[in-house]
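Chemist: Structure below; questions to follow.
The values are calculated or read from the model by the stated rules, or taken from the named source; none is laboratory data. Nothing here was measured: the structure is a model prediction, and the numbers come from that model. In this analysis, Cβ positions are derived from the backbone assuming ideal geometry, glycine residues included, and neighbour counts consider all displayed protein chains. Please note that ligands, DNA and RNA were not included when accessible areas were found on the heavy atoms of the full protein model with its side chains. Shrake-Rupley method; radii C 1.70, N 1.55, O 1.52, S 1.80 Å.
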Amino acid sequence: QVQLVESGGGLVQAGGSLRLSCAASGSRFSIIAVGWYRQAPGKERELVARITVGGSTNYPASMKGRFTISSDNAKNTVYLQMNSLKPEDTAVYYCKANTVNGDYWGQGTQVTVSS
């Protein structure tokens, strides 16, 4: 099993930045990729960014430009840098690990962007 713990969320003004962290523990060597997702109230959960263990990244077209995913393998942590935040970025942000044994989710971290 893999355990994921997100951190770094909070309240920020529009135009500001936040960096989220997703720390992995457990069977982390089974991880194939880690993705950041978000879910706003009344909306479906959506992919924000994804990174493989080899370092390849992908972003949905709507997320390109303001979000950057990166990883520090020595710290078993994946980051999501978010810049030029907008009120519509307000959501609970989750990380998900794709592993050889299935997918695992973290508990989420709240990001609130005030106008």
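Chemist: Name the strands (runs of 3 or more DSSP E) wholly inside segment 15-115 in which the number of residues that are touching a residue at least 12 places away in the same chain (Cβ under 8 Å) is 3 or more.
Modeler: Numbers: elements: 18-26, 31-39, 46-52, 67-72, 77-82, 91-99, 102-105, 109-114.
Per the criteria, 18-26, 31-39, 46-52, 67-72, 77-82, 91-99, 109-114.
Chemist: Which of the residues spanning segment 1-19 are among the β-branched types (Val, Ile, Thr) and open to solvent by less than 60 Å² (accessible area, probe 1.4 Å)?
Modeler: Just the residues of segment 1-19 that are among the β-branched types (Val, Ile, Thr), to begin with: 2, 5, 12.
Those that are among the β-branched types (Val, Ile, Thr) and open to solvent by less than 60 Å² (accessible area, probe 1.4 Å): Val2, Val12.
Chemist: Further question on the same structure: Tell me, yes or no, whether segment 11-21 has at least one residue that is closer than 13 Å to Trp105 by Cα and modelled with pLDDT of 95 or more.
Modeler: Narrowing segment 11-21 to residues closer than 13 Å to Trp105 by Cα: none.
No, because not a single residue in segment 11-21 is closer than 13 Å to Trp105 by Cα and modelled with pLDDT of 95 or more.
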